[in-house]
Every structure is written in C-alpha cells, then in structure tokens.
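Have a look at the structure below, then the notes.
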Amino acid sequence: MNASIYRHELHARLKSVIIWSLALIAIVGMFFTFYTTFADQAALVNDMMKNFPKELRAAFGMDEVDLSTVLGYYSFIYLFAQLCLAIQAGNYGFGLVSIEESELTADFLLSKPVGRPQILTSKLLAALTSLLVTTLVVGGISFVAIELFRNGHAYEPRILLLLLLALVVFELFFLCVGLVVSLLVKRVRSVTPYSLGLGFGAYVLSAFSGVFGDVKLELITPFKHFDAAPIIQNGAWDTPLVLFNIAVTLVSLATSYGLYTRRDIPAVS
C-alpha cells in the first residue's frame, strides 16, 4: 500500500462519507420514532399487515417478520439501509479507476514509481475504510435509536450485531463487482447510472425472488444473501449463500487486479 495515495483517496471521499452517514442517521432515526406506536398496537399492526397482498409483503421482506418486535421492525429499516449502502459501495467501485481515466489524470499517477497492484490496493483500502466508517455510523445510530425508542421491549444484541457485520460483507460485494465491471467496459463516463443500476437492479431481483419464490434469483442478489428476516429467525447467516457471496467478491477482486495490470490507460494528448 502507498500511504500518500491512500490518504488522497480517503480525503477525496470525506464529503461523500459525511453525506451518506447523515442520510442513514436520518433514515434510521426517523423510522424508529414510530416504533413505540407499532409496539403498543401489535395486534392491530399484524392484522393490518395481513390485509396487504402477500406479493407486496414478500417484495419488502415483511411476510416473515413481526413488526411489533424490536428486530422485526428494524429489519424493515435495515432493507433501506442496505439499499443506500449498496449504491454507496457501487459508486466507489465504479469510480475507483474510471474517474482517473475520465479526468485524464491516470497517466500522471502511473508515471510515479509505484506499481499498479500497489495503486489499486491503496485505492481499495481507502474505499473500504470509507465504507467501514459509514457502517459504524449505521451501527451506532441503530443501537442508540433502539435504546431510545424500544420502550422496554427486549431484543438480542447478538443478532443486531450479526446484522451489522453482514453489512460489511454486503458492501464488499458491490465494491468489487462495481470495480470489475468498470474495468470490463471501455469507458465509464459517469459512475452514478452504473451504481444506481447495480444497487436497484439487485434489489428488484430480490423483490422478484420474494414474490415468485424463485430460489435461482437468491443466488444472484446479495439482498437475499443477507436477508434480515431469516437472520433474525435463525440467529445466524445462511452459510451457503454467504459463501457464494464471498466467492463472487473474491473472483471479482482477483479479476480486477488482472484487468488493471494489463489495462491500456488513456493519456493526455
């Protein structure tokens, strides 16, 4: 790793980390202010949920959880947090190399006495650090919001910790897949359409998987690899799906190093 590149990349993402962190604090905090009402009217809430179409409940992952419980209610918020973090991680992955190329500064960086693997490692570690900061913020606001608004209702901190640790592996998937896709295409002019497409596309596949019960779709989308409802019910990750997720992440990462070391970098003419 090159410390100068790492610090530069970290500084470049500081504003993004602050914006995403504030957005997630607002989402988690705002939603949890309504929990007391849900918990106090548990029977009414459950009856109301039964009136929604089964397909709609499956699409939002609400068909297997009790929203009157602390973690059941949190699983609904967790889905929105996952979507935000997927877009953030995809944004970093698509922009890791492509921004340098689109701004024609990559040749200047590569002219320095630093190897390409070292450059990519420094950039990846900076992106990962930025994502970990955002995840810590999510974890912090989750614990604070639960303690403030649970109103005496019990929950298992171990399962909450398991959900928060899952976010790290979840983000790595989108970071590495975004990176490898950016290296496979000829040129990424704007990372936003790609990151939004990857994040929302994976979410839509997850929704269709819930609606149609298609097990094959569960293999494609990480939203199903780390579905909150089964984790809360079983108190553990779905090991085969998690291992598949990690395998795709590692293959994407290894492929990215191979592509980047042989990539033709556009120079300033």
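Here, each number is a calculation from the coordinates, and none is a lab measurement. For clarity, every value in this text was computed on a predicted model and none was experimentally measured. A quick note on method: Cβ atoms are made from the backbone with ideal geometry, for glycine too, and the neighbour counts reach across all protein chains shown.
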Task: Two-site label geometry, Val204 and Thr239: point separation in nm, points 7 Å out along Cα→Cβ - done: 3.5
Open item on the list: Give me the extension gain from Leu125 to Cys84: residue separation times 0.36 nm, minus the current Cα-Cα distance, reported in nm with one decimal.
Closed with: 12.7 nm
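Which length gain, in nm to one decimal place, applies between Ile99 and Leu161 when the Cα-Cα distance is subtracted from 0.36 nm times their residue separation?
Values: separation 62, 0.36 × 62 = 22.32 nm, distance 3.46 nm.
Contour length minus the Cα-Cα distance gives 18.9 nm.
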Open item on the list: Per residue of the stretch 174-185, what does 6.51 cos²θ - 1.76 cosθ + 1.60 with θ = phi - 60° give for ³J(HN,Hα)? Whole Hz please, x for Gly and Pro, Karplus curve as stated.
Closed with: 5, 4, 6, 5, x, 5, 5, 5, 5, 7, 7, 7
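Could the peptides 182-190, 90-98 be put in order, highest first, of the mean number of other beta-carbon atoms found within 10 Å of their residues?
Details: 182-190: 13.4, 90-98: 26.1.
Those peptides, ordered most packed to least, come out 90-98, 182-190.
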- [ ] Starting from the Cα of Val144, step 7 Å along the direction of its Cβ; do the same at Met30; then give the gap between the two resulting points in nm.
- [x] 1.7
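What translational diffusion coefficient, in µm²/s and rounded to a whole number, does the Stokes-Einstein relation yield for the stretch 122-213 at 25 °C and a viscosity of 0.890 mPa s, taking the hydrodynamic radius as the Kirkwood radius over Cα pairs?
Working: Rh = 15.8 Å.
D, rounded to a whole number, is 155 µm²/s.
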Task: Cα-projected label distance for His11 with Arg262, points at 7 Å along beta-carbon direction, nm - done: 3.6
